1. State all residues of segment 249-273 that are open to solvent by 60 Å² or more (accessible area, probe 1.4 Å) and under 18 Å from residue 232 (Cβ atoms); if no residue qualifies, say none.
2. Using beta carbons and a limit of 6 Å, which pairs, at least six apart or on different chains, have the first residue in segment 127-143 and under 18 Å from residue 263 (Cβ atoms) and the second one in a strand (DSSP E or B) and open to solvent by 20 Å² or more (accessible area, probe 1.4 Å)?
3. Output yes when any residue across segment 155-178 is of a type outside the set (Asp, Glu), open to solvent by less than 10 Å² (accessible area, probe 1.4 Å) and within 17 Å of residue 255 (Cα to Cα), and no when none is.
4. Please find, within segment 85-126, the residue that is farthest from residue 31 (Cα to Cα) out of those that are touching a residue at least 60 places away in the same chain (Cβ under 8 Å) and either touching a Gly at 6+ places or on another chain (Cβ under 6 Å) or among the acidic types (Asp, Glu) (or both).
5. Run residue 128 past the list (1) in the same structural domain as residue 185 (by TED's automatic domain parsing); (2) more than 19 Å from the chain's Cα centre (by Cα); (3) over 20 Å from residue 203 (Cβ atoms) and report the number of the one that doesn't hold.
6. Specify which of the listed residues (105, 72) is at pLDDT 95 or above and not assigned by TED's automatic domain parsing to the domain that holds residue 195.
7. Condition (residue is under 21 Å from residue 70 (Cα atoms), small (Gly, Ala, Ser) and not in a loop (DSSP other than H, G, I, E, B)) applied to segment 90-105: is it met by at least one residue?
8. Just need a number here: residues in segment 179-196 that are surrounded by fewer than 20 Cβ atoms within 10 Å (Cβ to Cβ) and not in a helix (DSSP H, G or I).
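The values are calculated or read from the model by the stated rules, or taken from the named source; none is laboratory data. This is a predicted model, so every value here is computed, not measured. All Cβ positions, even for glycine, are placed from backbone atoms using ideal geometry, and neighbour counts span all protein chains on display. Side chains included, ligands, DNA and RNA excluded: accessible areas come from the protein's heavy atoms. Shrake-Rupley method; radii C 1.70, N 1.55, O 1.52, S 1.80 Å.
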Amino acid sequence: MMNEVRTACSHILGTSIESFHSLSGGDINEAYLVRTAKGAFFVKTNTASFASDMLQKEAKGLNLLAEVNCIRTPKVIASDTFNGTAFLLLEFITADKAKPLFWERFGQQLALLHQQTSDHFGLDHNNYIGNLVQKNGSHDDWLHFFIKERLQVQIDLAKKNNRIPHSIEDAFHQLYKKLPSICPIEPASLIHGDLWNGNFICTSEDRVVLIDPALSYAHREMDLAMTLLFGGFDSSFYDAYHETFPLEKGFSDRVEIYQLYYLMVHVNIFGRAYLNQVNSILKKFV
Ligand code: ADP
């Protein structure tokens, strides 16, 4: 696979490859730092049968984020397949340590991204979260979207793979009836969709670069809920976000509702261990 991609990169970049180093950190694909006389590039790759559509949707997401021009993304050079190998070739971003100024700017910029709104929840194409398809059918109502395109898709997948007991499925159905009194009504915001620590890079200029988007027009609290699922970001990120685009009161009381989606994605990717957390959240609300 590596040799295929090396050849393809050399061809696309129109220069010979000086070095091709494997990078760690990805959950799904192989990733490489490509050094050439024209500069450094990043390429991620996988077998075409598995990842061709996934990498193309990733390129589409990065291009859409670049178009709205609120937060930097790596420039997309190419997304293609070569001899059965799919690859995504991007600008290489050198990572630095995150400092308070970085977090403050990140909070402000995410708030600006969330101010990009649409009349409908969803997106004009389905994409992926991790390696799972993320459906983005169009809905006028946030809760219809959240239930139909987010929670229920993951519950149905978990059912198919024997990963969810009836009791939890029933609890979700009871929760659905209560959601209108829990979630505030807001316009559909453009969200990153999978905003955890592994999906942004801090540059040496203390600027954020977003990677691995799972975009949709959704409730902006989804992004904040994902940042809080595994420990949270620096407090200056949340302060700056709130100052730029204040949240409705009571976010901390409903944050776990949004996290149910991400936890069900974890059940489907990593296994039943995440059901305990799902169950304890459901018990609080049902
Ligand atoms: P996967 O799709 O397999 O989850 P990632 O997108 O997370 O892979 O990328 C793997 C690693 O490469 C991560 O450590 C990530 O920070 C880094 N990375 C991703 N995109 C770039 C880029 N454009 N420049 C430099 N490093 C990157």
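1. Within segment 249-273, the first condition is being open to solvent by 60 Å² or more (accessible area, probe 1.4 Å), and the residues that meet it are 249, 252-253, 270, 272-273.
Of everything in segment 249-273, those that are open to solvent by 60 Å² or more (accessible area, probe 1.4 Å) and under 18 Å from residue 232 (Cβ atoms) turn out to be 252, 253.
2. As it stands, the answer is 134/128, since those pairs meet every condition given.
3. Among the residues of segment 155-178, at least one is of a type outside the set (Asp, Glu), open to solvent by less than 10 Å² (accessible area, probe 1.4 Å) and within 17 Å of residue 255 (Cα to Cα), which makes the answer yes.
4. 119
5. Of the numbered conditions (1) in the same structural domain as residue 185 (by TED's automatic domain parsing); (2) more than 19 Å from the chain's Cα centre (by Cα); (3) over 20 Å from residue 203 (Cβ atoms), the odd one out for residue 128 is (2).
6. Working: 105 fails: not assigned by TED's automatic domain parsing to the domain that holds residue 195.
None of the other options fit; the residue is 72.
7. Quick first cut of segment 90-105, residues under 21 Å from residue 70 (Cα atoms) only: 90-96, 98-105.
Still in the list and also small (Gly, Ala, Ser): 95, 98.
Checking which are not in a loop (DSSP other than H, G, I, E, B) leaves us with none.
Scanning segment 90-105 turns up no residue that is under 21 Å from residue 70 (Cα atoms), small (Gly, Ala, Ser) and not in a loop (DSSP other than H, G, I, E, B).
8. Total satisfying the criteria: 7.
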